[in-house]
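Step one of this worksheet: look at the structure below.
The values are calculated or read from the model by the stated rules, or taken from the named source; none is laboratory data. Everything numeric in this text was worked out from a predicted model, so none of it was measured. Here the Cβ positions follow ideal geometry from the backbone for every residue, glycine too, while neighbour counts run over all protein chains shown. With ligands, DNA and RNA removed, areas are computed over all heavy atoms of the protein, side chains included. Shrake-Rupley method; radii C 1.70, N 1.55, O 1.52, S 1.80 Å.
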Amino acid sequence: MIRVAVAGFQHETNTFAPFPTPLSLFKTGGAWPALTRGASLYETMHGLNIPLSGFMATCPHEMMPILWAGAEPGGYVEDEAFEAITGEIVTAVAEAQPDALYLDLHGAMVTRAFDDAEAEILRRLRAVVGPDIPIVASFDLHANLSPAISELADGVTLYRTYPHTDLADTGARAAHLLDRLLQGPLAKAYAQVDLLVPITAQATEFEPARSLYAMLDDLDVTSADIAMGFPPADIPNCGPSLFAYDPDPAKARAAVDRIAATFAAAEDTFDARLEPAQACVDRALTLPGPVVIADPQDNPGAGGTGETTGVLQALIDKKVPDAVLSMLYDPEAAAKAHAAGEGAEIEIALGGAFPEYSQPVMATVIVERLSDGVFDFTGPMYGGARAHLGFVARLKLNGTGITVVVGSRRSQNADQEMFRVVGIEPADHTIICVKSGVHFMADYLRVTDRILFAESPGANPCHLETLPYTRLRAGVRLGPGGPVTGNEG
Ligand SMILES: [Zn+2]
């Protein structure tokens, strides 16, 4: 019987985000499960849209479940968190002495000590299992994957959808790739693309990403994948990368070359789709409702603070008759609403804790509904998972048609339950505002195809030339048609 050790450690690090990611966030979970160890993984992961779930459901060999931990995207992962979780995985794998190893990683984790954190994880694991044990790793579509990742792993595969509706499918694909590698090694081909693609331009609902990913099925190789990269990361290996595997090295290389050529030809057609928040609201008012306005630059799922008020202020300025917004991360406002109770009218400051992005909105609000933030997701991405978002409150801005949902854990709105938890049915409203970049589309396209992307200041700028990069490798272009960095990396 072949014994396969499995472990997961997921974080997407925005090195420009104004707050760190401590160990406690991995322990508590949120939209993701809390840190889980050993045999408990069978129950925790069962039926979830998580790579490890798909891997465990597909791999025909004996599982040795080690650990899974993930936290909402944010600033640098603290060294203590990295060492605690990586150390535990490495120790357990060394003791398990598996015949093969599968890792469910993100590929954009950065710590103060390691700007290529996943390469460090692979390096330590390779050191304990030796050169002959196959290691397969799956990564997020938003991975910044270095040459070291390609060297250290025998097989790499990635999510192929954004919104990420195929996380479990990616785990299943990883299981098939590992099975193939257990029969013998495959030749690798790898390349980096010297272009940072703004997050909203990466959506596979739109061109050119849709066709780029569709071509993976047409390539005559064992496996091929594209990492789109995670732009708000000031590291040398920031940006897209390409992978192919095949018994024939020439075929693997040809596949990567073909993807690279197609990528280069598509450069001018990547479109971030942003329009200023005020213009967005103006346009929404001319369209039949419901209309969704996303706030990608403050997307908590890309390390945004989740509490900027640009879109909210635009709704107020334009005196919109009917709008709902979820979920503004403001634990103080949520606690104040809970202390006041349902039906109370209170003076409150909403969001705006980081003056570099926005100011608080001062308002008189009616506390319409309170929740403990525990609910079950039902959308295509998170469906099956249970949220633990702490105090949540539905606040109606007095004298307006605007309702804001405030929460106590930073969390992207990629699921309509982020409204329903406080009794709001999004489809019943004219304007639906979500703190999300692209993931919201998975669930909200079921409500409407009228979606707008507001440009409002946040920690995840889509105009990449506005970010103060100093460590990108030389020659990387900051967005399609953007300037070329001259950094030495
Ligand atoms: Zn992602």
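None of Ala442, Ala454, Ala459 is of a type in the set (Gly, Ala, Ser), open to solvent by less than 20 Å² (accessible area, probe 1.4 Å) and in contact with a Cys (Cβ under 6 Å, 6 or more places away or on another chain) except Ala454. Restricting attention to region 94-115, the residues being surrounded by fewer than 17 Cβ atoms within 10 Å (Cβ to Cβ) and either in a strand (DSSP E or B) or among the basic types (Lys, Arg) (or both) number 1.
Against the conditions (1) open to solvent by 10 Å² or more (accessible area, probe 1.4 Å); (2) β-branched (Val, Ile, Thr); (3) within 16 Å of the ligand (Cβ to nearest atom), Ile66 satisfies every one except (3). Of the residues Glu118, Glu151, Glu205, the single one that is open to solvent by less than 10 Å² (accessible area, probe 1.4 Å) and of a type in the set (Asp, Glu) is Glu118. Inside region 380-410, residues that are in contact with a Lys or Arg (Cβ under 8 Å, 6 or more places away or on another chain) and within 27 Å of Asp169 (Cα to Cα) make up a count of 2. Pairs are defined by a Cβ separation below 8 Å, a sequence spacing of at least 6 or placement on different chains, a first member in region 180-201 that is polar (S, T, N, Q), and a second member that is assigned to a helix (DSSP H, G or I) and modelled with pLDDT of 95 or more; the pairs so defined are Gln192/Pro147; Thr200/Pro296. Scanning region 154-172 for residues that are more than 18 Å from Leu101 (Cβ to Cβ) and either within 16 Å of the chain's Cα centre (by Cα) or surrounded by 24 or more Cβ atoms within 10 Å (Cβ to Cβ) (or both) turns up Tyr159, Arg160, Thr161, Tyr162, Pro163, His164, Thr165, Asp166, Leu167, Ala168.
Scanning region 35-53 for residues that are within 18 Å of the chain's Cα centre (by Cα) and modelled with pLDDT of 95 or more gives Leu35, Ile50, Pro51, Leu52, Ser53.
Scanning region 398-423 for residues that are open to solvent by less than 10 Å² (accessible area, probe 1.4 Å) and over 22 Å from the mean Cα position of the chain (by Cα) yields Ile402, Val404, Val422. Residues in region 330-343 that are surrounded by 15 or more Cβ atoms within 10 Å (Cβ to Cβ) and small (Gly, Ala, Ser): Ala333, Ala334, Ala335, Ala337, Ala340. Cβ-Cβ contacts under 6 Å between residues 6 or more apart (or on different chains), taken from a first residue in region 224-244 that is open to solvent by 10 Å² or more (accessible area, probe 1.4 Å) to a second residue that is within 13 Å of the ligand (Cβ to nearest atom) and assigned to a loop (DSSP other than H, G, I, E, B), are listed as Asn237/Asn144. Does Gly306 satisfy the criteria of being open to solvent by 10 Å² or more (accessible area, probe 1.4 Å) and either touching a residue at least 60 places away in the same chain (Cβ under 8 Å) or assigned by TED's automatic domain parsing to the domain that holds Leu196 (or both)? Taking the combined requirement at face value, the residue does not satisfy it.
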